[in-house]
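One structure below.
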Amino acid sequence: MFVLLSPAKKLQQGPIGTTIPHFLEESLAIADKLKTFSHSELHQLLHTSQKITEQNIQRYQSFSKAQLMHEGSAAIMTYAGDVYRYFNPQQFDASEQEYIQSHFGIITGLYGLLRPFDKMLPYRLEMKNKLLIDNTLLTHYWHQRLAQYLSQERLAPNTPVIMLASNEYSAAIDNQTLNIIQVDFKERRDNTLKTIAVNAKRARGMMAAYIVKTKPQCIQDLHGFDDGGYRFVPDQSTYSHLLFVRDA
């Protein structure tokens, strides 16, 4: 079983990473292109405030392999959004962190796919940002690269891939070459099922922690997840789509 997560815009200072990103050369090429952007061009691309735009101008100007090797922090400990707060990877011991490293991946616009303890430098670049690399948008740029890496190098054939990434990032993953298991978290309000974005992010984090703690051997082992009041809904689920619902 393998788990895919989204990154987060909110970052914090994490410990130094222990491994090197698989797609480091591609990341350096993307960063080199962003180094050529003016303040206004980067502001328009990222849709960020003037302060955050300036921060990322400086980040990309100093972005280098040498800096990453020297300063790069562990990705799983650096992302600090809702998914990661509820995952809380800091809670796990060394053996559980080894499990995380071998069973989880983080899809990103800049790094393609990170192992949890890969070195990363802070950045802002979302998969949906309209940056052209080799005349194609980021989602398409990474699509074939990630499919080939995961299917031919990283995963055994037919390994279940638990998709805990958002639609923005899961769009970079090829459903045709991988055994994708989509997981949805919804709330029942006035007899209607609704997806509440912030709660779905938190639920993905809780599910990630549940997987580390229980080390499921098959998809059915995920059905017991009940953190945060969620319950598996078998009559609205299939093998490749798991629905969890809680009352609002």
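The table for this structure:
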| quantity | calculated |
| --- | --- |
| Verdict on Arg59 being closer than 19 Å to Ala8 by Cα, in contact with a Phe, Trp or Tyr (Cβ under 7 Å, 6 or more places away or on another chain), at pLDDT 95 or above and of a type in the set (Lys, Arg) | yes |
| Leu45 vs. criteria over 21 Å from the mean Cα position of the chain (by Cα) and buried (at least 16 other Cβ atoms within 10 Å of the Cβ) | no |
| Single residue of region 118-142 satisfying the filter (surrounded by 23 or more Cβ atoms within 10 Å (Cβ to Cβ) and not aliphatic (A, V, I, L, M)) that is farthest from Ile211 (Cα to Cα) | Trp142 |
| Unmet requirement for Ser151, which otherwise passes all of (1) in contact with a Ser or Thr (Cβ under 8 Å, 6 or more places away or on another chain); (2) under 19 Å from Gly81 (Cβ atoms) | (2) |
| Filtered residues of region 70-87 (kept if part of a helix (DSSP H, G or I) and buried (at least 21 other Cβ atoms within 10 Å of the Cβ)) | Ala75, Ile76, Thr78, Val83, Tyr84, Phe87 |
| Members of region 199-232 that are touching a Phe, Trp or Tyr at 6+ places or on another chain (Cβ under 7 Å) and either β-branched (Val, Ile, Thr) or not in a helix (DSSP H, G or I) (or both) | Val212, Lys215, Ile219, Phe225, Tyr230, Arg231, Phe232 |
| In region 162-213, residue farthest from Phe244 (Cα to Cα) [restricted to those that are touching a residue at least 60 places away in the same chain (Cβ under 8 Å) and among the acidic types (Asp, Glu)] | Glu168 |
| Number of positions in region 158-169 that are farther than 18 Å from Lys186 by Cα, among the hydroxyl-bearing types (Ser, Thr, Tyr) and crowded, with 17+ Cβ neighbours inside 10 Å | 1 |
| Some residue of region 26-38 being modelled with pLDDT of 95 or more and either part of a strand (DSSP E or B) or within 13 Å of Thr78 (Cβ to Cβ) (or both) | no |
| Every residue from region 140-191 that is assigned to a helix (DSSP H, G or I) and either hydroxyl-bearing (Ser, Thr, Tyr) or touching a His at 6+ places or on another chain (Cβ under 6 Å) (or both) | Tyr141, Tyr149, Ser151, Tyr169, Ser170 |
| Of all residues making up region 108-139, the number that are aliphatic (A, V, I, L, M) and in a helix (DSSP H, G or I) | 1 |
| Among the candidates Gln144, Gln236, residue that is more than 16 Å from the chain's Cα centre (by Cα) and closer than 30 Å to Leu34 by Cα | Gln144 |
| Qualifying residue in region 74-92 (condition: on the phi > 0 side of the Ramachandran plot and out of contact with any Asp or Glu (no Cβ under 6 Å at 6 or more places or on another chain)) | yes |
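Here is a yes/no grid of residues against (1) among the hydroxyl-bearing types (Ser, Thr, Tyr); (2) surrounded by fewer than 18 Cβ atoms within 10 Å (Cβ to Cβ); (3) within 24 Å of Gly205 (Cβ to Cβ):
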site	(1), (2), (3)
Lys10	no, yes, yes
Gly14	no, no, yes
Phe23	no, no, no
Ile30	no, no, no
Glu41	no, yes, no
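Listed here are the residues, each with its yes/no results for (1) within 13 Å of Leu5 (Cα to Cα); (2) surrounded by fewer than 14 Cβ atoms within 10 Å (Cβ to Cβ); (3) at pLDDT below 95.
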| position | (1), (2), (3) |
| --- | --- |
| Gln182 | yes, no, no |
| Arg189 | no, yes, yes |
| Ala197 | no, yes, no |
| Met207 | yes, no, no |
| Thr214 | no, yes, no |
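The values are calculated or read from the model by the stated rules, or taken from the named source; none is laboratory data. This one's a predicted model, so the numbers in the text were calculated from it and none came from an experiment. Cβ coordinates were reconstructed from backbone atoms using ideal geometry, including for glycine residues, and neighbour counts include every protein chain displayed.
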